[in-house]
1. Assess whether Glu182 counts as being charged (D, E, K, R), surrounded by fewer than 17 Cβ atoms within 10 Å (Cβ to Cβ) and under 24 Å from Asp259 (Cβ atoms).
2. From the list Val327, Val335, which residue is modelled with pLDDT of 85 or more, crowded, with 19+ Cβ neighbours inside 10 Å and not acidic (Asp, Glu)?
3. On the basis of being among the charged types (D, E, K, R) and buried (at least 20 other Cβ atoms within 10 Å of the Cβ), does Asp428 make the cut?
4. Among helices (runs of 4 or more DSSP H) lying entirely in region 28-140, which contain 3 or more residues that are within 28 Å of Asp258 (Cα to Cα)?
5. Search region 21-42 for residues that are more than 15 Å from Ser69 (Cα to Cα) and assigned by TED's automatic domain parsing to the domain that holds Arg60 and pair each with any residue that is part of a helix (DSSP H, G or I) and among the β-branched types (Val, Ile, Thr) when their beta-carbon atoms are under 8 Å apart and the residues are at least 6 apart or on different chains.
6. How many residues, within region 55-87, are among the hydroxyl-bearing types (Ser, Thr, Tyr) and over 24 Å from Asp32 (Cα atoms)?
7. Being touching a helix residue (DSSP H, G or I) at 6+ places or on another chain (Cβ under 9 Å) and within 24 Å of Leu230 (Cβ to Cβ), is that true of even one residue in region 114-126?
8. Considering region 195-220 alone, what residues qualify as being surrounded by 13 or more Cβ atoms within 10 Å (Cβ to Cβ) and closer than 16 Å to Met240 by Cβ?
Amino acid sequence: MADERENDQEHIDEAENTTLVHAVSDALGRRDSEDVRKLVGDLRAPDLAEVIELLAPDERVELIQALGSSFNYEVLSEIDETVRDQLSEALPNDLLAKAVTELETDDAAYLIENLEESDKQEILAQLASEDREAIERNLEYPEETAGRLMQSEFVAVPPFWTVGHVIDHMRETEELPEHFSEIFVVDPSFRVLGSVDLSRLLRTKRDIKVSAIMDTERHMVLATEDQEELARQFKRYDLMSAPVVDAHNRLVGVVTVDDVVEIIQDEAEEDMKALAGVGDESLADSVLATVRSRVPWLIVNLGTAILASFVIQAFDATIQQMVALAVLMPIVASVGGNAGTQTMTVTVRALATNKLGRVNSPRVISREAVVGLLNGLVLSSVIALVVFIWFGSGKLGAVIAAAMICNSLAAGLGGILVPLTMDRYGLDPAPASGVFVTMITDIVGFFSFLGLASIWLL
């Protein structure tokens, strides 16, 4: 019953979301702070974050200011990155400083990382020395690394402590993380010796030393580890958290699974956008920023389309003699392009997840060639029959069938070879592969269809 009520509430929230946003916007327009607090005061952080994203840019700041001390700064960690950066630039530094003190280290670093250096230093100067040092430590690491993602708040104890000592320490110490699931065991130089899950700690008698129950095979990650590799390790070893160490194996932080989930989502979205040639784009971006993101690859696509047009021009006499060729050309190119996109998408994803490399690439290339050939055989038989019924010409059906086989084979090979080649030379295959695979299928499709037509039909 509880689950049903929760699902009903989620449905209601979604259905009334538009009404709520309009009501909040209206209250902000009237400068009625009390009404604003009534409308959004009971919302959870993710729900309020969604409302803020849907408001106009100037209304977002007004909403936060209207909520005043009742505003939950955790909302800022739930907001879209582009919107968060816009808010960071618009909000006063004293309010950002307060937000930083309320957030976990990694979220606080994300909040201020893109600010002007003067604003960043002004905010950090208002923090306690411990908080400032933790955030500065995070900001020292490159973006998209474990060091930037880690939380600097953790619990670490020496190996000679007993279970009872650890439990008493956690009860009596106020400056502990609000949420944690394991305790790290370290030596005097803070090198990680192992870890103990809270569940095991609570089930062990008080007089047992921590060294006797710690897990010495705990998976650790370097602070400089790329976030994609970090996500793969979490998936491979079924990790819920992992200690982050520096180059000297000293414990500097911890990465939890909730951070990794965001990484997986962000990387998947990034690959999807890159395949479409839109880059790291958001709905909150300005018109000019969106245009700058999309135009470069559209220009490249225009260039490849011109190359395909040159192939068509070379057979203009053939097309003039048989108009049916002009009618059927888009079919060959379209099917080939779609087939190439299928192979390319699978290949790019396999490269991103390290499931395709030099060891298995020859086998996968052969597989895709066979798949392309078989697809071509199936499609060619269908299109040959359609063309025969449509135009009453068996020869024309045979020509387009042969062209379909050639283009399907080219699509399969191009869809895997283009991303592999780009990856081999250190280039990101996601944004560029689609353009070049389309070029290959267009050129091969037009050339094979028109070339065979000029030989067999005229």
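1. no
2. That would be Val335, the only listed residue that is modelled with pLDDT of 85 or more, crowded, with 19+ Cβ neighbours inside 10 Å and not acidic (Asp, Glu).
3. Against the criterion (among the charged types (D, E, K, R) and buried (at least 20 other Cβ atoms within 10 Å of the Cβ)), Asp428 does not qualify.
4. Once the helices (runs of 4 or more DSSP H) in region 28-140 are filtered for at least 3 residues that are within 28 Å of Asp258 (Cα to Cα), what remains is 45-54, 57-67, 81-90, 93-102, 105-112, 117-125, 129-140.
5. So the pair list comes out as Val21/Val51; Val24/Val36; Val24/Val40; Val24/Val51; Ala27/Val36; Leu28/Val36; Leu39/Val24.
6. 2
7. Yes: one or more hits.
8. Ser195, Val196, Asp197, Leu198, Arg200, Leu201, Asp215, Arg218, His219, Met220
The values are calculated or read from the model by the stated rules, or taken from the named source; none is laboratory data. None of these values were measured; they are calculated from a predicted model. Note that each Cβ is placed from the backbone with ideal geometry, even for glycine, and that neighbours are counted across all protein chains shown.
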